[in-house]
Amino acid sequence: MKVLMACAGMNTELRPFTDMMPKCLLPVKSKQILFHNLEWLQKFDIDEIVITTSYHHNQIELALRKFGSFIVDIHKQKGGVGTAQSLRQLSYKLDKEDFLFLQGDNLYNFDIEKYYKIHKDNGKPISVLSHMTMGDSKYKTFIKYKNNSDKIEKISVRPDYKMTRELLATSGACYLSPTIFDKIGKNDRHLFDDIFPKQLDDINVIVDNTSVQFFNTAKEYLSIANTKGMADIHRM
């Protein structure tokens, strides 16, 4: 299996920490987020990791030179290219078999093989990892089911909700069939924001509340940056 990891965003909500470096290079437990994720991926039978960059590309490229024990293919995007556009540009690398997409500024620790089997057994071209949360809605994309059914009614992109209860949100990771490349429209910029809300019947949801860890503000980052272990990192 191949992995596409997006590490291109400016993440302005984490300023001042991201003024001088990309979020994926921020340290957590004395190790950069990117390397936490690469070491996790090493545990599985991954053929290749493709990393897309833009903001502070040179810093990521230099950091990856220190991680020489894994196949990493780095691609620098031009301008404000979104994740959907990155997919289109890299389709020639990913159009042979299912692949895993990751937002590279989250911390991941799920069983890739277990969830890939669920993805294949379900038969849908898209399997989205998700979690229940009461986190700030302006950083989340929510999945809503039709009443008393397993059919998705809508996907809401960063709505202005006043959170009064836990809701199901996407976790920035998904398994994709190469058929996804046929779904990318000319005006689509982002995978979760622009493509998924139009492909509801093609989406399988995998719920995991413990294996993806997030921080979306400078305050949250400060609260977890010096924790003793991964289990202590703030979960949203």
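The values are calculated or read from the model by the stated rules, or taken from the named source; none is laboratory data. If you're wondering where the values come from, they're calculated on a predicted model, not measured in any experiment. Backbone-built Cβ (ideal geometry, glycine too); neighbour counts: all protein chains shown.
Based on what the data block shows, is residue 143 in contact (Cβ under 8 Å) with a residue 60 or more places away in the chain, of a type outside the set (Asp, Glu), in contact with a Lys or Arg (Cβ under 7 Å, 6 or more places away or on another chain) and farther than 16 Å from residue 216 by Cα? Spelling it out, it is not the case that residue 143 is in contact (Cβ under 8 Å) with a residue 60 or more places away in the chain, of a type outside the set (Asp, Glu), in contact with a Lys or Arg (Cβ under 7 Å, 6 or more places away or on another chain) and farther than 16 Å from residue 216 by Cα. Take the residues in segment 201-236 that are modelled with pLDDT of 75 or more and among the aliphatic types (A, V, I, L, M); name whichever of them is surrounded by the most Cβ atoms within 10 Å (Cβ to Cβ). So, considering only residues that are modelled with pLDDT of 75 or more and among the aliphatic types (A, V, I, L, M), the one surrounded by the most Cβ atoms within 10 Å (Cβ to Cβ) is 212. Listed here are the strands (runs of 3 or more DSSP E) enclosed by segment 1-109 that have at least 2 residues being at pLDDT 85 or above: 2-7, 48-53, 99-103.
With respect to (1) without any contact (Cβ under 8 Å) to a residue 60 or more places away in the chain; (2) over 23 Å from residue 85 (Cα atoms), the lone exception for residue 186 is condition (2).
Within segment 127-176, the residues that satisfy the criterion of being buried (at least 18 other Cβ atoms within 10 Å of the Cβ) and of a type in the set (Val, Ile, Thr) are 128, 133, 141, 143, 152, 155, 170. Within the option set 118, 195, being touching a residue at least 12 places away in the same chain (Cβ under 8 Å), surrounded by fewer than 18 Cβ atoms within 10 Å (Cβ to Cβ) and farther than 23 Å from residue 35 by Cα holds for one residue only, 118. The set of residues in segment 123-143 that are more than 25 Å from residue 28 (Cα to Cα), at pLDDT 95 or above and either within 13 Å of the chain's Cα centre (by Cα) or of a type outside the set (A, V, I, L, M, F, W, C) (or both) comprises 124, 125, 127, 128.
Of all residue pairs spaced 6 or more apart or on separate chains, those with beta-carbon atoms under 8 Å, a first member in segment 1-22 that is within 13 Å of residue 104 (Cβ to Cβ) and a second member that is of a type in the set (Gly, Ala, Ser) and modelled with pLDDT of 85 or more are 4/86; 5/104; 6/86; 6/104; 7/104; 8/86. Of all residues in segment 141-199, count the ones that are of a type in the set (S, T, N, Q) and either over 27 Å from residue 91 (Cα atoms) or touching a Phe, Trp or Tyr at 6+ places or on another chain (Cβ under 7 Å) (or both). Within segment 141-199, residues that are of a type in the set (S, T, N, Q) and either over 27 Å from residue 91 (Cα atoms) or touching a Phe, Trp or Tyr at 6+ places or on another chain (Cβ under 7 Å) (or both) number 7. Taking residue 210 as the residue in question, decide whether it is under 28 Å from residue 40 (Cβ atoms) and either touching a His at 6+ places or on another chain (Cβ under 9 Å) or not charged (D, E, K, R) (or both). Answer is yes for this residue.
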